[in-house]
Structure formats: C-alpha cells, structure tokens
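**Q** Dropping the structure in here first, questions after.
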Amino acid sequence: SQQGEEDPQALSIQEGENATMNCSYKTSINNLQWYRQNSGRGLVHLILIRSNEREKHSGRLRVTLDTSKKSSSLLITASRAADTASYFCATPGRKLIFGQGTELSVKP
Amino acid sequence: NAGVTQTPKFQVLKTGQSMTLQCAQDMNHEYMSWYRQDPGMGLRLIHYSVGAGITDQGEVPNGYNVSRSTTEDFPLRLLSAAPSQTSVYFCASSYTGQRNYGYTFGSGTRLTVV
C-alpha cells in the first residue's frame, strides 16, 4: 500500500502569511498528490507532482518533491481565510491510503 | 456535470438494519474506492476496485460488502448496521496507472446508526 503522513497535524497562521505542510511516504512512487478538504465536504484534488519533477507551481501553491528523502512539501503563499481546510497528501497505488492530514486555520 | 455522485447524503439507521450506499461516476474511471472518515481518524479505506468484476479489501472492510458489476457503479452494502459504523462515507474514482491525474471524490454520505 502507499501512504502519506502529513506534518504538522495543525497549523494556525494569520491571513497573508505563508503556510508550509510536509508529507513523508514510505515506498517508491510514480507521483504524489495533494488534496484539500473543507469542513464536511469531500476531498478536492489540488496538484500532482511526478517522481521526475522537483518542484511544481499552481497559482499560490508550490509543491516540492525529494524522492531521496521520500518527502514532499506544500507551500501556500499569501494565505487567505478561505484556505482554512485540512490538507492531505497521497501516493497513488493499488490501495490509496491517506494520512491524518494537516489542519490549517487562517485567521483574518 | 461529470463527477462522482453519492446517494443518499444523509441516513439514519437502526442497529441491525441493512442498507446500500450508492456511488456512481460518469468519467469511465477504472478505479473506485470507499472511505470512511471519523473525527481524529482521517480517511480509512474500506474497499476498492480496479475494474468491473474486481474488488479488494482496504484497511477496515469488516461489516461492509461491495460489488462492481459495471464500470460506473460501486455500491457499498452495510449488512447489519452497528453504532460503530456511524461515520461519513466518501466514494472516490480515478484512472489507473500513468493516466492517474488525481482522484475525484463524491460529496459524502453522513450515516448515523442508533
């Protein structure tokens, strides 16, 4: 099975600050994906980074991948109150297993 | 709109009752899966399928059955509901292998067993 473990478990910042979340995984991967879940809703796919990529950008999101350390980070720049959500990483495989996620709170 | 449709959105069951949670997708995705989400537990994989006629167990399969007779549908059956199955259930689908560009999730079914 594939698995991602997010760190920190919770993060509280002020609007306008940057938020960084980390993910570690255990096995070799083809790609790593980040998801967002707003309270009470399903997960939404944010960004995918392939194993041969080191960095990827999408709007205010920046994802890095270090396959030698089996880790990834998600940076949200200039955060907004609407970014308040839980964020999960996942490494697709036959069994897609999520970690506990990082709960981000952005205060106005 | 293309996506994953889950029904019902809310359900209350009595202990011992059975029911089926429906999941349908219209994106021709090979992979479909069911998760339950409980406070402090994250998402836990119940069952998954990599194609019609193929299903397999996830992390927490006990008390649940699935079948995949078509590519589009992946129903989850609770055989004899227990209070421990009170949870929010999510269905997800995707292409497999190199065509996996991300998983699409349904909006969830909130189940309460009393």
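**Q** Roughly how crowded by other chains is peptide B:104-110, in terms of the mean Cβ count from those chains within 10 Å of each of its Cβ atoms?
**A** Across the residues of B:104-110, the mean count of other-chain Cβ atoms within 10 Å is 3.
**Q** Another one. Beta carbons within 10 angstrom, averaged per residue: use that to sort the peptides B:17-25, B:38-46, highest first.
**A** Ranked from most to least packed, the peptides come out as B:17-25, B:38-46.
**Q** Compute the distance in nm between two label points, each set 7 Å from the Cα along the Cα-to-Cβ direction, one at A:SER24 and one at A:LYS107.
**A** 2.9 nm
**Q** Can you check how the C-alpha radius of gyration of chain A compares to 2.2 N^0.38 Å, as a plain ratio?
**A** With N residues counted in chain A, Rg over 2.2 N^0.38 Å equals 1.00.
**Q** Charges at C-beta only: +1 for Lys and Arg, -1 for Asp and Glu. How large is the resulting dipole of chain A about its Cα centre, in Debye rounded to 20?
**A** Rounded to the nearest 20 debye, it is 360 debye.
**Q** Can you check what the Kirkwood hydrodynamic radius comes to for the stretch B:1-56, Cα pairs only, in Å to one decimal?
**A** Across the stretch B:1-56, the inverse of the average 1/r is 13.4 Å.
**Q** Binning at 5 Å from 0, report for the protein assembly as shown what percent of all alpha-carbon pair distances ends up in each bin.
**A** Answer for the protein assembly as shown: a P(r) of 1, 7, 15, 19, 19, 16, 12, 7, 3, 1, 0 percent.
**Q** Here is a further query. If you put +1 on each Lys and Arg Cβ and -1 on each Asp and Glu Cβ, how big is the dipole of chain B around its Cα centre, in Debye rounded to 20?
**A** Its charge dipole is roughly 300 debye.
**Q** While we're looking at this one, here's another question. Roughly how crowded by other chains is peptide B:32-45, in terms of the mean Cβ count from those chains within 10 Å of each of its Cβ atoms?
**A** Averaged over the peptide's residues, the number is 3.
**Q** Can I ask one more? Whole angstrom only: what separates the Cα centroid of the stretch B:72-114 from the Cα centroid of the stretch B:50-66?
**A** 11 Å
**Q** Please compute the alpha carbon radius of gyration of the stretch B:38-114, then divide it by the globular-protein estimate 2.2 N^0.38 Å. Two decimals is fine.
**A** That ratio works out to 1.15.
**Q** Could you calculate the FRET efficiency of B:SER84 with B:THR20 from 1/(1 + (r/R0)^6), where r is the beta carbon distance between them and R0 is 22 Å, rounded to 0.05?
**A** In this case the efficiency is close to 0.75.
**Q** Right, next: I need to check one value: relative contact order of chain A, counting alpha carbon pairs closer than 8 Å and at least 6 residues apart, in percent.
**A** Contact order relative to length: 41 percent.
**Q** What is the calculated FRET efficiency for B:THR112 to A:ASN38, with r their C-beta to C-beta distance and R₀ = 22 Å, to the nearest 0.05?
**A** 0.55
**Q** Arrange A:ILE76, A:ILE13 by Cβ neighbour counts within 10 Å, fewest through most, would you?
**A** Final ranking by Cβ density, sparse to dense: A:ILE13, A:ILE76.
**Q** Counting only other chains, what is the mean number of Cβ atoms within 10 angstrom of the Cβ of each residue in peptide A:94-107?
**A** 3
**Q** Taking 7 Å along the Cα-to-C-beta vector as the label spot, tell me the A:ASP66-A:GLU5 distance in nanometres, rounded to one decimal.
**A** With each label point 7 Å from Cα toward Cβ, the separation is 1.6 nm.
**Q** Given just the C-alpha atoms of the stretch A:17-62, how large is their convex hull per residue in cubic angstrom?
**A** Cα-based convex hull of the stretch A:17-62, divided per residue, equals 109 Å³.
**Q** Also, quick follow-up: Go through the stretch A:1-51 and name the trypsin sites (Lys or Arg not before Pro) that are in a DSSP coil and have 13 or fewer other Cβ atoms within 10 Å of their Cβ.
**A** Here the trypsin sites (Lys or Arg not before Pro) that fit, given the DSSP loop and packing criteria, are A:LYS26.
Throughout, read-outs are computed from the coordinates displayed, never taken from laboratory work. Small disclaimer: the values here were computed from a predicted structure and weren't measured. Virtual Cβ from ideal backbone geometry, glycine too; neighbours counted across all protein chains shown.
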